[in-house]
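First comes the structure, then the notes that go with it.
The values are calculated or read from the model by the stated rules, or taken from the named source; none is laboratory data. Quick caveat, the model's predicted, so the values are computed rather than measured. FYI the Cβ positions are ideal-geometry reconstructions off the backbone, even for glycines, and counts take in every protein chain you see.
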Protein chains: 2
Amino acid sequence: MATDATTAEAYDRLVERIERISNVGNAAGVLRWDQEVIMPEAGTPARAKQLSTLSSIGHELLTDEETGELLASLESVELDPERAAVVREVRRKYDRETSVPGELVEKLSEATTNAHPVWRRAREDDDFEAFAPTLEELVELKREYAAHVDPDADPYAVLFADYEPYLELETAEAVLGELRDALVELIDAVADSDAELATDAFAGEFDADAQEALCRDALDALGYDWDRGRLDTAPHPFSSGTQFDARVTTRFDESDPLGSLTSTIHEFGHANYTLGLPDDAYGTPLGQARDLTVHESQSRLWENHVGRSRAFWEFFLPTVRERFPDLAELTAREAYEAANQVYDDNLIRVEADELTYHLHIVIRFEIERELIAGDLEVSAVPHVWNEKYEEYLGVRPETDTEGCLQDIHWSHGSFGYFPTYSLGSVLAAQLYAAAEDDLGELDGRIREGKFDDLNRWLRENVHAHGQRYTTPELVERATGEAFTADPFLEYVEGKYGELYGLET
Amino acid sequence: MATDATTAEAYDRLVERIERISNVGNAAGVLRWDQEVIMPEAGTPARAKQLSTLSSIGHELLTDEETGELLASLESVELDPERAAVVREVRRKYDRETSVPGELVEKLSEATTNAHPVWRRAREDDDFEAFAPTLEELVELKREYAAHVDPDADPYAVLFADYEPYLELETAEAVLGELRDALVELIDAVADSDAELATDAFAGEFDADAQEALCRDALDALGYDWDRGRLDTAPHPFSSGTQFDARVTTRFDESDPLGSLTSTIHEFGHANYTLGLPDDAYGTPLGQARDLTVHESQSRLWENHVGRSRAFWEFFLPTVRERFPDLAELTAREAYEAANQVYDDNLIRVEADELTYHLHIVIRFEIERELIAGDLEVSAVPHVWNEKYEEYLGVRPETDTEGCLQDIHWSHGSFGYFPTYSLGSVLAAQLYAAAEDDLGELDGRIREGKFDDLNRWLRENVHAHGQRYTTPELVERATGEAFTADPFLEYVEGKYGELYGLET
């Protein structure tokens, strides 16, 4: 193992460089948080310029010749596993960013900036044709992008790797296929069930301030570190920051207290992952989160396996009643049923339940896969979209606004992002099952409001590693097996079988 | 006038470079605002690294060889006055930053970072000796810094120019001397006066939420553009931002509603200046504020000439009564008197009134001037400080905590900053008098809550120019005369003569 002065020096210089890049990126993160949460409206033009400058400085620092030289020098010697992991991660980003010509990066940036208002107006006006030329341009530019990164690869696989670099697209595709087949069947059974869930348990008006207090109660209970975080409101809830300062946002709808609570717990999962990254590796890949599948596994684990569990409602009901005295008669079972109601006629992804959610994902995935492959014309998207909704969910959108125009992602040029939503849920189930294998059943602890053991298990098995391992390695080490949909399918079949009285 | 392609291209490249530098600096401004106002406590270590990275990137962009080449090429041709002003401003910063060795910059940065907790503890413990070695080191490093910038100049003049680059130190010194002589006499007369002002007009408890509402009322009335700003709380009120987003902070003391109101109006003055800078020059010197004297003139003009005027209290009293029904019996005259009470036994600068304030400034100025000149030992500071308080203000601090340790500035290495506080007040009076020369007496308009004419005058004569003119040029153009203390002295003598029934 080489530890001579030159190697040590090259490594230190590489780390110094990526720490700078991280600091620039984290500064941009603060600017974006500010923009989403508190920036006065008229601040946009200056903020856009600040963010664009930081982004181009980050790009220049990464693609500088010196980065390449340091990487080459460090790859020519044997490094200890941690350093080798750092070099692996920097290399991956370096190769991506240097392979794409600056001109194309600028075109893409301009196209996505312009696309956003076009998409927004098209959605408002239910006018897919107004968005179609923009979507065509974005698909074309992204195909070009993929060809630069790897001319021999499936272009969709290249794009997917921007969000999940280490799971094979074939694996993702197989898992999504399994989900589709199993969930279509399960949702059919739910739709046919005679079970009457307490779906109106949270009917009425719920003051936003009381909702906020309840969300803070939940964060307290789950162990959110307020010295390193905040809760604020944002039009689209998100979480961002570093292990020193990872913030959560939510939003309030006075007719739906479950919405704010669920999104708070979801974003807590993200922030809690960030806060579990090692302090002393701040600014390097060892102190940064593994990619979107793992990140989403953390949010979905807390949202679904904890926050939508019967045990959680038994624990949390008294707090809910305290904040909303009108709910004095509500039982934990009713709350649990309301929180897990399956909306088999819902068309909107972000309003979907734990089962139908994945069919929304699968449909967009299947369509964008074909778009990028060149096997589907943009103009055919609405028709194909509606057919698939009919086929998988038994509902057909009457407008494109509530159909293929509903989500923002394509206007950002984000093709290949969607699958990670489902992959994250699948991994959440796998990790939760592994945690229970190690710790024993967790229901009892959740019922008592004790989340420490679970959190410690996640810290040790997931958070603490940063990007030390690839996604498959991380999964294998944490669960003892390869990435698999089995625990997820077992989980939903058990849970919804019981809720809807299905034969299992 | 050269307008050939090469010159135009060089100018564009210079502007592109300084826009980048400004964007990096403005991003750092957002990070500092966040740190002061809402960042969770534990975020400090990461935030310090982010800020340090941005600062060194800004330094590298400015001192890059290309900046020097572009400046030299642009200085060899005749430019139109606006472009020439941009080149002048960039040259000044470039020369400063390139003349100081990186090693010294780092030493200074480290020394001031370390000095802050030492000063804070020394102040808490009333232990000047604990701070003395640190202060000695800072004085020494700042002398070195000055010698690098200009080995032939008075080192204090070099430091002063970091905060006020265009007023001569001799001018500043003469003005401060005039202030000292006139104010010592005026304060003596006030102390001897039998007048009984309504000093307890705001006795009682004042709910912080109602104070905040009142501060928002004041900002509404003055014409603060909420689409481009916010009001928040911070331990040390400040204002920051750009013409697209200039935010105000204040703080609340439940026993002192005048404190939060006054600091809000003061910070409004700063923010209002920033908001008046031209949008289309964002990121260049033409879209940036002239230095601290002019900035402070804007805050002091609104704080004192507007906010502490009798006309303002006649206008604003109904609003105050609405927020604080207990004050139903308060008259405008009483409020005016309470807002202008002279505290002739006060030892603390930030709690001082409009008269004694400047003696606090003068004392620190005289001391730091001698320290930097090498004419005063650090160990002698407390004694000299106390002697001067006795001489100028007739009060003697019993501790260094309420004496020379009270202010943070020296621990930041900010020597030469203090004079701009008084120079700003002096300029405020000069600008206000000039505005009244142009617009006629403003009292009537203030009494009706009409601030548009004054604001328009300030926009046209001060804000819109950014750094187009040097400070003396700006003053001359706006007021028709050179920078002078006469209007200030006339203002305080008239106002306090009436308030305290002095012979004039």
* **From the options A:Ala428, A:Ala434, residue that is among the small types (Gly, Ala, Ser), surrounded by 15 or more Cβ atoms within 10 Å (Cβ to Cβ) and in contact (Cβ under 8 Å) with a residue 60 or more places away in the chain** => A:Ala428
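So, A:Glu387, is that one surrounded by fewer than 20 Cβ atoms within 10 Å (Cβ to Cβ), under 18 Å from A:His360 (Cα atoms) and not aromatic (Phe, Trp, Tyr) or not? First the steps, then the outcome.
Working: surrounded by fewer than 20 Cβ atoms within 10 Å (Cβ to Cβ): yes; under 18 Å from A:His360 (Cα atoms): yes; not aromatic (Phe, Trp, Tyr): yes.
Yes, satisfied.
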* **Single match in B:Ala157, B:Ala115 (criterion: modelled with pLDDT of 95 or more, in contact with a helix residue (DSSP H, G or I) (Cβ under 7 Å, 6 or more places away or on another chain) and either within 29 Å of B:Glu503 (Cα to Cα) or assigned to a helix (DSSP H, G or I) (or both))** => B:Ala157
* Looking only at segment B:490-504, and only at residues there that are in contact with an Asp or Glu (Cβ under 7 Å, 6 or more places away or on another chain) and in a helix (DSSP H, G or I), the one that is surrounded by the fewest Cβ atoms within 10 Å (Cβ to Cβ) -> B:Leu499
* To do: Kindly provide the set of residues from segment B:1-12 that are surrounded by fewer than 18 Cβ atoms within 10 Å (Cβ to Cβ) and either within 9 Å of chain A (Cβ to nearest Cβ) or not hydroxyl-bearing (Ser, Thr, Tyr) (or both), ordered by number.
  => B:Met1, B:Ala2, B:Asp4, B:Ala5, B:Ala8, B:Glu9, B:Asp12
* Asked: Could you say whether any residue in segment B:80-101 is modelled with pLDDT of 90 or more, more than 23 Å from B:Val158 (Cα to Cα), out of contact with any Lys or Arg (no Cβ under 8 Å at 6 or more places or on another chain) and in a loop (DSSP other than H, G, I, E, B)?
  -> yes
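Of all residues being within 14 Å of chain B (Cβ to nearest Cβ) and assigned to a helix (DSSP H, G or I) in segment A:217-228, which is nearest to A:Leu275 (Cα to Cα)? Just the residue, please. Lay out the reasoning, then the answer.
Residues of segment A:217-228 within 14 Å of chain B (Cβ to nearest Cβ): A:219, A:224-228.
Filter again for assigned to a helix (DSSP H, G or I), leaving A:219, A:226-228.
Working: A:Leu219: 14, A:Trp226: 11, A:Asp227: 11, A:Arg228: 8 Å.
Here the residue is A:Arg228.
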* Just a yes or no: is a residue in segment A:286-293 within 26 Å of A:Ser239 (Cα to Cα) and within 14 Å of chain B (Cβ to nearest Cβ)? -> yes
* Output the number of the condition that B:Val77 fails; it satisfies all remaining conditions of (1) in contact (Cβ under 8 Å) with a residue 40 or more places away in the chain; (2) assigned to a helix (DSSP H, G or I). => (2)
* Asked: What tally of residues in segment A:335-364 results from selecting those that are outside any helix (DSSP H, G or I), closer than 16 Å to A:Cys404 by Cα and among the hydroxyl-bearing types (Ser, Thr, Tyr)?
  -> 0
* To do: Residue by residue through segment B:276-293, note down the ones that are within 21 Å of the chain's Cα centre (by Cα), of a type in the set (A, V, I, L, M, F, W, C) and not in a loop (DSSP other than H, G, I, E, B).
  => B:Leu286, B:Leu292
* If B:Val105 passes every condition in (1) of a type outside the set (S, T, N, Q); (2) at pLDDT 95 or above; (3) surrounded by 15 or more Cβ atoms within 10 Å (Cβ to Cβ) but one, which one does it miss? -> (2)
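Give the number of residues within segment B:136-154 that are in a helix (DSSP H, G or I) and touching a residue at least 24 places away in the same chain (Cβ under 8 Å). Can you show your working first?
First, pick out the residues of segment B:136-154 that are in a helix (DSSP H, G or I): B:136-149.
Next, from what is left, pick out any that are touching a residue at least 24 places away in the same chain (Cβ under 8 Å): B:136-139, B:141-146, B:148-149.
Selection size over segment B:136-154: 12.
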* Asked: Among (1) closer than 26 Å to B:Ser411 by Cα; (2) over 21 Å from the mean Cα position of the chain (by Cα); (3) buried (at least 18 other Cβ atoms within 10 Å of the Cβ); (4) β-branched (Val, Ile, Thr), where does B:Ile367 come up short?
  -> (2)
* Asked: Within segment B:169-187, can one find any residue that is more than 17 Å from the chain's Cα centre (by Cα) and in a loop (DSSP other than H, G, I, E, B)?
  -> no
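Out of segment A:19-48, which residues are touching a Gly at 6+ places or on another chain (Cβ under 7 Å) and either in contact (Cβ under 8 Å) with a residue 60 or more places away in the chain or part of a helix (DSSP H, G or I) (or both)? Steps first, answer last, please.
Of all residues in segment A:19-48, those touching a Gly at 6+ places or on another chain (Cβ under 7 Å) come to A:19, A:21-25, A:29, A:40.
Residues satisfying the conditions are A:Glu19, A:Ile21, A:Ser22, A:Asn23, A:Val24, A:Gly25, A:Gly29.
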* Residue that is farthest from B:Ala46 (Cα to Cα), among those in segment A:30-70 that are of a type in the set (Ser, Thr, Tyr) and within 13 Å of another protein chain (Cβ to nearest Cβ) -> A:Thr44
* To do: Test each condition in (1) away from chain A (no Cβ under 14 Å); (2) free of Cβ contacts under 8 Å to residues at least 40 places away in the same chain for B:Leu108 and report the one that comes out false.
  => (2)
* To do: Could you check, for segment B:199-212, whether at least one of its residues is assigned to a loop (DSSP other than H, G, I, E, B), surrounded by 18 or more Cβ atoms within 10 Å (Cβ to Cβ) and under 23 Å from the mean Cα position of the chain (by Cα)?
  => no
* Asked: Looking at this structure, is A:Leu231 under 21 Å from A:Val475 (Cα atoms), within 14 Å of chain B (Cβ to nearest Cβ) and not basic (Lys, Arg)?
  -> no
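Matching residues to (1) touching a residue at least 12 places away in the same chain (Cβ under 8 Å); (2) within 14 Å of another protein chain (Cβ to nearest Cβ); (3) of a type in the set (Phe, Trp, Tyr):
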residue	(1), (2), (3)
A:Ala174	no, no, no
A:Glu185	no, no, no
A:Ala191	yes, no, no
A:Arg247	yes, yes, no
A:Gly259	no, no, no
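Being away from every other protein chain (no Cβ under 14 Å) and in contact with a helix residue (DSSP H, G or I) (Cβ under 9 Å, 6 or more places away or on another chain) is true for just one of B:Val15, B:Val87. Which residue is that? Break it down into steps so the answer makes sense when it comes.
Details: B:Val15 fails: away from every other protein chain (no Cβ under 14 Å).
The unique qualifying residue is B:Val87.
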* B:Thr484 vs. criteria part of a loop (DSSP other than H, G, I, E, B), surrounded by 15 or more Cβ atoms within 10 Å (Cβ to Cβ) and polar (S, T, N, Q) -> yes
